[in-house]
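The values are calculated or read from the model by the stated rules, or taken from the named source; none is laboratory data. All figures in this text were calculated on a predicted structure; none of them were measured in a lab. Here Cβ is always computed from backbone atoms with ideal geometry, including for glycine, and neighbour counts include all displayed protein chains.
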Amino acid sequence: MPKRLHGACVLVGGLAAALILRLCPFPDDPRWSPCLFRRVTGLPCATCGLTRSLASLAHGSWQRAYAYHPLGLPVALLLGTAWVALSWFWLREQPIPPRLVRAWLLACLAVAVVAFILWLTTVVFPTAAAFWHH
């Protein structure tokens, strides 16, 4: 598959994901959660609420997005910048600079570490979950 076609697929895929988040309802009921960990244990995982948070951001509801998951905005920014960068480089048929890939991976790792710390805090100290209402 030519690189230009890859870029077009990334571009269309990102737009389709944004459209799905904007149009599809995501229920608050934990029984409908796609998270296997939550369905088995009854406890939310470190990423529970991120899809609903991203959907709330797509609707412009910043407070609701934060209530679903405090890292929704950073994750949206990471996904958005990766989508723009990948589309840009692939459509221009240029290689993605390795330092850009490293920077993005480090940012993803930082968000994952913070998500795990937030999750662990809410599991060990349930009253700390007051800021994270999912």
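Listed here are the residues, each with its yes/no results for (1) at pLDDT 85 or above; (2) small (Gly, Ala, Ser).
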position: Met1; (1), (2): no, no
position: Gly7; (1), (2): no, yes
position: Trp32; (1), (2): no, no
position: Gly42; (1), (2): no, yes
position: Ala55; (1), (2): yes, yes
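Among the residues making up region 66-81, those that are among the aliphatic types (A, V, I, L, M) and at pLDDT 90 or above are Leu71, Leu73, Val75, Ala76, Leu77, Leu78, Leu79.
Within region 37-56, being within 23 Å of Leu106 (Cβ to Cβ) and either more than 10 Å from the chain's Cα centre (by Cα) or not in a helix (DSSP H, G or I) (or both) holds for Cys45, Ala46, Thr47.
Taken together, the residues in region 89-111 that are in contact (Cβ under 8 Å) with a residue 12 or more places away in the chain, in a helix (DSSP H, G or I) and out of contact with any Gly (no Cβ under 6 Å at 6 or more places or on another chain) amount to 6.
When you check Ala65 against the structure, is it hydrophobic (A, V, I, L, M, F, W, C), in a helix (DSSP H, G or I), out of contact with any Phe, Trp or Tyr (no Cβ under 8 Å at 6 or more places or on another chain) and exposed (fewer than 15 other Cβ atoms within 10 Å of the Cβ), yes or no?
Details: hydrophobic (A, V, I, L, M, F, W, C): yes; in a helix (DSSP H, G or I): yes; out of contact with any Phe, Trp or Tyr (no Cβ under 8 Å at 6 or more places or on another chain): yes; exposed (fewer than 15 other Cβ atoms within 10 Å of the Cβ): no.
Here the answer is no, as Ala65 does not meet what is asked.
When region 50-62 is examined, which residues are found to be of a type outside the set (A, V, I, L, M), without any contact (Cβ under 8 Å) to a residue 40 or more places away in the chain and surrounded by 14 or more Cβ atoms within 10 Å (Cβ to Cβ)?
The initial filter retains those residues of region 50-62 that are of a type outside the set (A, V, I, L, M), namely 51-53, 56, 59-62.
Retained after the next criterion (residues that are without any contact (Cβ under 8 Å) to a residue 40 or more places away in the chain): 51, 53, 56, 59-62.
Hits for region 50-62 are Thr51, Ser53, Ser56, Ser61.
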